[in-house]
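Okay, so here's the structure we're looking at.
The values are calculated or read from the model by the stated rules, or taken from the named source; none is laboratory data. All of these numbers come straight from a predicted model, not from anything done at the bench. As a convention, Cβ positions derive from the backbone with ideal geometry for all residues, glycine included, and neighbour counts pool all protein chains shown. These accessible areas exclude ligands, DNA and RNA; they are computed on the full protein's heavy atoms, side chains included. Shrake-Rupley method; radii C 1.70, N 1.55, O 1.52, S 1.80 Å.
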Amino acid sequence: MKFSKSLIETLREDPKEAESKSHRILLRGGFVKQLASGVHIYLPLGWRILMRIEKIIREELNRIGAQEMLMPAMCPREVWEKSGRWFEYGDDMFKFKDRKGRDYCLCPTHEEIITGIARKSIRSYRDLPQIWYQIQTKYRDELRPRFGVIRSRQFIMKDSYSLDRDEDGLSENFELHKQVYIKIFRRCGLDFEIVDAAGGLMGTGQSNEFVARVDGGEDTIVACADCDYRANLEAAQGIGKTFDFEDCPITEVHTPGKRSVDEVSDFLKVGPENFVKNMFYTAPDKEPILILLRGDYDINEGVIQSRFGFSYKPADVETITEYFGAEPGFIGPVAKGDIAIYADDLLEGAKGMITGANKNDYHIKGLNLERDVKVREYLNVRVVKQGDACPKCRHELELHNALELGHIFKLGTRYSKPLGATYLNEKGEEKPIIMGSYGIGLERIMACVCEQKGDEHGAVWPISIAPSEVYIIVLNPLDKGVAGVAQEVIQVLTNNGFSVIIDDRDFSAGIKFNDSELLGIPLRLTIGPKGIKNDSFDIYLRGTKEIVRVDKGSILMKLQELKDILYRRLNGR
RNA sequence: CGGGGCGUAGCGCAGCGGUUUAGCGCGCAUGGUUCGGGACCAUGAGGUCGUGGGUUCAAAUCCCACCGCCCCGACCA
């Protein structure tokens, strides 16, 4: 591939919209271009990377007998209504009408469609197990796309689905996918780890996330400083400290205009751990619930939604005022036994607490949960914070920024039951198919490599996914002698299976060297008058910045050797 | 949706207390000199100043509305 004839556009300056490292590298190297917020064009070089990632994924999945197929990106509403996700997904789903006025969506994922196929095609236990997958574009109308391709509204995902007759089969397929994912990410040259995760909208069974610790991530993971406990923030369980405040009768305190825990805590000179926060959630057609949480913690809405339902949202000001006779900031649980009250388990047995008085501009002191509040149930609804103790070993937990690369879920019967995907077992009984779903974001692999391997000069692609293996700089390409040698060497390399980018542009050397760094091709060969004269050619390794000198006759052998070494480095980790 | 920032040539930016040819650097085109880490000279092409409305003799510049993009937050398989 000749640079001079290709759609490769490197940018000399950082595009102003790019803040994160991966975004900057991908834009500057001309790998991607932004069309709209969260919508990207994959230019030839970026697309080559994605195609190579696809190939690795295919190879590994085919190896475990997964069958590739392609499902449509658009889907009628009814399919999504049966699972309840037409509403659960809400505005995150792109929805539109066809000319007849029928509702459609652009699929954010494909559990419903897969389950529909299973329903029609799987009859007997003899048809199971199955693994089906596709590599296809997904659409999600994210509230805030960011970090370039990392959180975008249209992205390419490999999604696979396992169908089994029982939990054991599911566990096997789940484990199989875990192993396959490890291989895939290793082959792509990534450093990653596996953490416990919350299923969220997908379902509530076991789920694991594959994450990479990078600054430009949108995920937070919790890791124990001492043992192997790893979880993402939504799933993490931490052990919080408990405090023993003095038990005393309830008294009112005047707290004019002080609503938030911070404000009241400042005003009364009492730490936030002495407060009980009141979070009121409502859902259409369901009873409202009041969640009590200690003042020094945040609520984990994922728990609310998975425990009580996705339709639960924080109540608005009017609703709160109506139920409590006070404005948000002053509401409290006392004498509110008619409302369903749930409390975070850190509050069990808490006394001497401060909370709202259900009277504007007043709080109460001396709240004793056991004595004063009808708590229906204590549960862990708080988000872990730095310094909480590890649930496994009690050492300190740390929070890290991370990027989610893949996610594997045990769905169980979450979709097969509502959509009626069943099979007949040996006894002729009708049973729901036990399902799993497994996703990988392709662009995220590409972006993550930039985050982890890229440097101040640009991208550093692992040889396995690089848009090309060798970058050939031809210096003084209009010189007949140079052009001749270049032609000869290129011929030899391409005949021997190398993919090369030939920088044949009639530019000064610096531009070409700098572009070669920016594009991050793992091996670089320089062909110029000097090298030809001395029969000494430079081969440069982008990753390690080593330079190897060889004579013309050894170029092919040396490059083959270096290529092997680079592949071995990738696999031998 | 809340807070902040930005929209002027392909890219990065200046001009913005009103004045008629809207600039600079890079890139692009042509010719020439160069040629192992972002060369030089000359000539040239390229602009609905985000959109709409208003104020004014006169608007990139002042006012209003809208749109788009980025960042922080809320949210997020």
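Summary table below
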| quantity | calculated |
| --- | --- |
| Tally, over the stretch A:280-315, of residues that are over 19 Å from A:S83 (Cα atoms) and either of a type in the set (A, V, I, L, M) or more than 12 Å from RNA strand B (Cβ to nearest atom) (or both) | 17 |
| Selected residue [assigned by TED's automatic domain parsing to the domain that holds A:K178, in contact with a helix residue (DSSP H, G or I) (Cβ under 6 Å, 6 or more places away or on another chain), within 13 Å of RNA strand B (Cβ to nearest atom) and of a type in the set (K, R)] from A:K82, A:K16, A:K33, A:K21 | A:K21 |
| Members of the stretch A:175-193 found to be within 16 Å of RNA strand B (Cβ to nearest atom) and either in a helix (DSSP H, G or I) or surrounded by fewer than 17 Cβ atoms within 10 Å (Cβ to Cβ) (or both), listed by number | A:H177, A:K178, A:V180, A:Y181, A:I184, A:F185 |
| So A:I502, is it in contact with a Leu (Cβ under 7 Å, 6 or more places away or on another chain), β-branched (V, I, T) and crowded, with 16+ Cβ neighbours inside 10 Å | no |
| Those residues of the stretch A:541-561 which are more than 14 Å from A:I472 (Cβ to Cβ) and in a helix (DSSP H, G or I), in sequence order | A:G553, A:S554, A:M557, A:Q560, A:E561 |
| Residues located in the stretch A:36-63, provided they are hydrophobic (A, V, I, L, M, F, W, C), away from RNA strand B (no atom under 15 Å from the Cβ) and either more than 26 Å from A:R186 (Cβ to Cβ) or in contact with a strand residue (DSSP E or B) (Cβ under 7 Å, 6 or more places away or on another chain) (or both) | A:L61 |
| Selection count where residues are outside any strand (DSSP E or B), open to solvent by less than 60 Å² (accessible area, probe 1.4 Å), outside the structural domain of A:I117 (by TED's automatic domain parsing) and not charged (D, E, K, R), scope the stretch A:384-427 | 5 |
| Of all residues making up the stretch A:468-522, the number that are without any contact (Cβ under 8 Å) to a residue 12 or more places away in the chain, outside any helix (DSSP H, G or I) and within 11 Å of RNA strand B (Cβ to nearest atom) | 2 |
| The listed residue being open to solvent by 10 Å² or more (accessible area, probe 1.4 Å), touching a residue at least 12 places away in the same chain (Cβ under 8 Å), basic (K, R) and farther than 30 Å from A:I501 by Cβ, out of A:K2, A:K82 | A:K82 |
| Test: A:G30 is on the phi > 0 side of the Ramachandran plot and open to solvent by less than 10 Å² (accessible area, probe 1.4 Å) | yes |
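Okay, residues lined up against (1) within 22 Å of the chain's Cα centre (by Cα); (2) part of a loop (DSSP other than H, G, I, E, B):
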position: A:K55; (1), (2): yes, no
position: A:E60; (1), (2): yes, no
position: A:W80; (1), (2): no, no
position: A:G101; (1), (2): no, yes
position: A:I131; (1), (2): no, no
